[in-house]
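Worksheet: one structure, shown below.
The values are calculated or read from the model by the stated rules, or taken from the named source; none is laboratory data. The structure displayed is predicted, hence computed values, not measured ones. Cβ coordinates were reconstructed from backbone atoms using ideal geometry, including for glycine residues, and neighbour counts include every protein chain displayed. What goes into the accessible areas is simple: the full protein's heavy atoms, side chains included, and nothing from ligands, DNA or RNA. Shrake-Rupley method; radii C 1.70, N 1.55, O 1.52, S 1.80 Å.
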Amino acid sequence: MNTAQQLLFNTRAAFKSGITLPVEWRIEQLNRLLDLLNENENALLDALHKDLRKPKLESIETELIVVKNEAINAIKNVQTWSKPTYPSKAFVQMIDSVYILKEPYGVVLVMSAWNYPIQIIFSQLVGIIASGNCAIIKPSELSPVTSELMSKLIPQYLDKECFRVYLGGIPETTVLLKERFDMIMYTGSSMVGKIVMKAAAEHLTPVILELGGKSPVYVHKDSDLKLVAKRVVWGKFLNLGQTCTAPDYILCHNNVVDSLIDELRKTVEEYFGSDPKESPDLARIVNARNFKRIESIMSATPKEKLAVGGETDESALYIVLNAFAESFKYIFFDVLLYFIFGKMTLSTAPTVYKDIQLGDPIMEGEIFGPILPVLAVNGADEAVEIINSQEKPLALYIFAKSDKVGCNVSYLKPPPPFLLSCTSSGGVTVNDVLMHAASHNLPFGGVGNYGFILFFYHYLDIIQHLDSCSPGNSGMGRYHGKYTFDALTHEKPVVYRGQNFESLLSARYPPYSEKNLSMVS
Amino acid sequence: MTKNYIGVINGAREAFATGKTKDVKFRRHQLEMLYKCVRDNEARWCGALKKDLNKCETEAVTAEIIMVNNEIINALENLDTWVKNEAKGRDLLNATSSVYIRKEPFGTCLIMSAWNYPFGLMLSPVIGAIAAGNCVVIKPSEAATHTASLFQELLPQYIDSTCYPVIVLDAKDSADLVKNNRFDFIFFTGGTAIGRHVMKAAAEYLTPVVLELGGKNPCIIDESCDLRSAARRICWGRFLNAGQICIAPEYILCKASIRDKFVEEFKRTVQEFFGSDPKQSPDYGRIINERQVNRLKKIIDSGTGKIVLGGEVDVKTKYVAPTVVVDVPLDSAYMQEEMFGPILMVITIKDIDEAISIINQREKPLALYIFAKDKKLVNKVLSKTSSGGVTVNDVVMHYVPHSLPFGGIGHSGMGAYHGKHTFDTFSHNRSCLIDGNPEFINSLRYPPHSQKKLSLIKAVMMKNLKPKGITAFIKSMFMLALVGVAIAYIASN
């Protein structure tokens, strides 16, 4: 047995022992998870800073608070969630007891992303613990300091047999995916999402894929542009654009596009100062490969279209050593690099491009970085055409004062408000960005190429899920809060009958006759 | 066979893009027409089922026609409620926003059915998919030739054939269908091997799938139960459709002390139901085709169990006798794949723990049955095993109520449907938030960041585990009052 097989074998044995079934045990584990977060706050913040130079406020707001709230919500509600439910009965069931049992699947594989490394893993773990599953967690090798820290802390606080961390890069993950899990939760790019789903198909393992997308923003001519700028700039440059629900591109009404660009420029300066590189409130690009990707998008875009920003900075030394480390693919070297060089490099200034067209290179894949293209459109109809020509995004944002910003769909009377009826997306926020993912009670996930098996998670926080994504489809499945519990639970229906009333039932037995038939009908 | 099925699929996609299936009135009308199609042609549907499976009228009506009829009525009665936006609870952060979920169709869905209940298993998911506003490519199993033909003939006469085209493909085109065409959702009912192939092909397009597969469904009989009623119920369930039903009890687990008595009762029941020569009974079905008959014959000929009833096979008439086998080793030919035929295995166990162990060594089944008077025993089995669904003291019945989600787990499938669950399965729940926050709350999150802003954010957003009760209430009231004062202050400025 290789390491992956051994790991799975042991975790499955822990699940089979039945230890995760009692609700008291789950509550105790959730409390231990809270302890982990509370007692190690500084170490976690520091790790996030080293991996992504994530500003402290962002780390707390978008990662720590979110996860703590999830845990608290689960602790308060897991008793209710795990109880059997009693749905309505049909006439023929009047003598039966009919109910649905909530059963865990077994061993869940969690493959996480690097952009919100703590938030993704721990939020999912909350749902896994609450639903009585066990887990093997594979954090991203691209956020090595945080991953290393988690591999130390998780076994210290949670049940070592039930929840294990498996570190590794692509070769290790490939080996792991050959094995059979009872459920796989993957957060990341569509390209890898396909690989995960194919590997899962071999074993008929259900999957939850939180992928990404090009989330559009439509700005109608009646909007308060100052407000739009404040919200979009905030949402776009959070985590330096490395958020799966980040507003990717703007479709702005012709009449107001120039004023909007002015407001965007002013807001960028307001938030990050005249030299954004010096601002402590901006994160950094995660690694050289992504930096190069963003740089190439920028070089492919004509200089005359540049409206704001445009500067990049990359430490040559960092690139050389990083290449060395990548060829070895050992976490150790990455960690060493981080300790030597920190994350002060690989920055790209918040950048805005204007006069962008649909065919431009910047409109090809998900940007996942701090560059914001603005396209001018004639109105909602043209915006809808552009949006629908792309893959379904994870999120759609609409800024409009009037709720009549609809689209021309003559079949539907009265015409539906906003662009909602003529487009599809994982979720929507109107007059703000990211917030639909913040609501506790709303399911978060993608659709079409951008999502599979939504799972809901429950957040009180401003930013949520925030997964790494790259060009492709937004996923399947949904989570947040109780929805995570539901996604990880098999609802097993039970019809409990007595052994009497045999005469009532015998109408269904052969030999059949007209009388039988009419009685049953 | 459908020529130019790719053109037909594209037609459905284009139809979806026009938005017409999003109109609830349109969906309602289509479902009403489907209802007519079912009711006006009841005799013809039964005729096709008889030709395909020698299915007698009673089974055709009770197991297929009535099921579909009731699903359509359920959908029509509840459609207006199902399609409504679902308002969700708000919290302090979203107190002045509108928070809800829109129920949206996925787009163009492919629904592939099986041959054993070719009418019911085809239309049941189609109803929910139509109700949810999708366009649907309807693909009946080509093995049930008469029923597939009838779908091709009748459906276009009643429902919109561009939005809901029927395609019948040969084996080769079927295999390539999912690989070469992108759908927004795939619903498949059939065998595990093909299920795997469907999911792998769908992965290339990241298309979500629901797979209704099969398995070997165990049936535990405890000594405390009434053997006569158990025998009757199990006999009924095992020989429905000549055993070709995914939720039939496949193998019995019982103690040696009751085995012979059970087998006696069972034999008596077969006689009561089908007479002394079941081949003559009009109420006993036939196997779908020769290939399947030969598969079953091979298992019977393996000689790896003691046949105590039946065992006769007539390939020409596709007849397999009601058969019972005892002394079956766990690795015998009888215990490998899903039987999907009229053969019942009886395995003796020492105690309930052994039964649980045997069940858990195998793949998770679609259904699990247990006959027992002892509630504690039942609960022990239910908590220590897993299956798609369960019926206690009967078989098949958990399939019936609309309120119960029907589906598998592990190799028996993923996803569930029936009643509203079908509508939910074919709906994308799109989360919507219409922001109404006062700007001063939002501005706490904007850079440049400060410790002060951070403390305010924590105070507003962070939940607490304790305290509960009056102190928490007072605290939250105080917070709300603060917010109110702040709003008033800002407003007055």
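Name every residue in the stretch B:376-398 that is farther than 11 Å from A:R497 by Cα and either open to solvent by 60 Å² or more (accessible area, probe 1.4 Å) or polar (S, T, N, Q) (or both), in order of residue number. B:K376, B:N379, B:K380, B:S383, B:K384, B:T385, B:S386, B:S387 - these are the residues of the stretch B:376-398 that are farther than 11 Å from A:R497 by Cα and either open to solvent by 60 Å² or more (accessible area, probe 1.4 Å) or polar (S, T, N, Q) (or both). Could you list all residues from the stretch B:186-196 that are open to solvent by 10 Å² or more (accessible area, probe 1.4 Å), more than 8 Å from chain A (Cβ to nearest Cβ) and touching a residue at least 12 places away in the same chain (Cβ under 8 Å)? Scanning the stretch B:186-196 gives B:F188, B:T189, B:G190, B:G191. Residues in the stretch B:437-457 that are surrounded by 15 or more Cβ atoms within 10 Å (Cβ to Cβ) and either more than 7 Å from chain A (Cβ to nearest Cβ) or not aliphatic (A, V, I, L, M) (or both): B:N437, B:I441, B:N442, B:L444, B:R445, B:Y446, B:P447, B:H449, B:K453. The residues of the stretch A:234-260 that are open to solvent by less than 10 Å² (accessible area, probe 1.4 Å), in contact with a strand residue (DSSP E or B) (Cβ under 6 Å, 6 or more places away or on another chain) and assigned to a helix (DSSP H, G or I), listed by number, are A:G235, A:K236, A:L260. Restricting attention to the stretch A:169-198, the residues that are within 10 Å of chain B (Cβ to nearest Cβ) and more than 26 Å from A:I118 (Cβ to Cβ) add up to 3.
When the criteria are applied in full, A:S402 meets the requirement of being at pLDDT below 75 and either at the interface with chain B (Cβ under 10 Å from one of its Cβ atoms) or assigned to a loop (DSSP other than H, G, I, E, B) (or both). Of the residues in the stretch B:406-414, at least one is closer than 28 Å to A:V107 by Cα and open to solvent by 20 Å² or more (accessible area, probe 1.4 Å).
Screening B:I359 with (1) over 25 Å from A:K16 (Cβ atoms); (2) in the same structural domain as B:L240 (by the TED database); (3) of a type in the set (A, V, I, L, M, F, W, C) gives one miss only, at (1).
Looking only at the stretch B:9-27, how many residues end up being open to solvent by less than 60 Å² (accessible area, probe 1.4 Å) and either outside the structural domain of B:A129 (by the TED database) or assigned to a helix (DSSP H, G or I) (or both)? Residues in the stretch B:9-27 being open to solvent by less than 60 Å² (accessible area, probe 1.4 Å) and either outside the structural domain of B:A129 (by the TED database) or assigned to a helix (DSSP H, G or I) (or both): 11 in total. Counting the residues of the stretch B:421-436 that are open to solvent by 10 Å² or more (accessible area, probe 1.4 Å), at the interface with chain A (Cβ under 7 Å from one of its Cβ atoms) and in contact with a helix residue (DSSP H, G or I) (Cβ under 8 Å, 6 or more places away or on another chain) gives 1. Considering A:N73, A:N69, the condition of being touching a residue at least 60 places away in the same chain (Cβ under 8 Å) and either in contact with a Pro (Cβ under 6 Å, 6 or more places away or on another chain) or more than 30 Å from B:S403 (Cα to Cα) (or both) is satisfied by A:N69 alone.
Taking residues in the stretch B:151-170 that are over 19 Å from B:H29 (Cα atoms), and partners anywhere that are among the acidic types (D, E), the pairs with Cβ atoms closer than 6 Å and at least 6 places apart or on different chains are B:V168/B:E142.
One residue alone among B:T62, B:T96 is in contact with a Leu (Cβ under 9 Å, 6 or more places away or on another chain), open to solvent by 10 Å² or more (accessible area, probe 1.4 Å) and at pLDDT below 95, and that residue is B:T62.
Of all residues in the stretch A:272-294, count the ones that are assigned to a helix (DSSP H, G or I) and within 13 Å of chain B (Cβ to nearest Cβ). Please lay out each step first, then the result.
Step one: list which residues in the stretch A:272-294 are assigned to a helix (DSSP H, G or I), which gives A:272, A:276-278, A:288-294.
Within this subset, residues satisfying the condition of being within 13 Å of chain B (Cβ to nearest Cβ) are A:272, A:276, A:278.
Here the count works out to 3.
Contact annotation: residue pairs with Cβ atoms under 6 Å, 6 or more positions apart or on different chains, pairing a residue in the stretch A:1-18 that is assigned by the TED database to the domain that holds A:R164 with a partner that is open to solvent by 80 Å² or more (accessible area, probe 1.4 Å) and in a loop (DSSP other than H, G, I, E, B), are A:A14/A:E161. Counting only strands (runs of 3 or more DSSP E) wholly contained in the stretch A:91-148, the ones carrying 3 or more residues that are at pLDDT 95 or above and surrounded by 24 or more Cβ atoms within 10 Å (Cβ to Cβ) occupy A:107-111, A:134-138. Run down B:N217, B:N241 and say which single residue is in contact (Cβ under 8 Å) with a residue 24 or more places away in the chain, crowded, with 21+ Cβ neighbours inside 10 Å, among the polar types (S, T, N, Q) and touching a Pro at 6+ places or on another chain (Cβ under 8 Å). Just a single option satisfies the conditions, and that option is B:N217. Criterion applied to B:I234, B:I252 was being away from chain A (no Cβ under 14 Å) and more than 23 Å from B:N289 (Cα to Cα), and the one residue passing it is B:I252.
Of A:E269, A:E202, all but one fail to be assigned to a helix (DSSP H, G or I), more than 30 Å from B:G408 (Cα to Cα) and either of a type outside the set (G, A, S) or open to solvent by 10 Å² or more (accessible area, probe 1.4 Å) (or both); the exception is A:E269.
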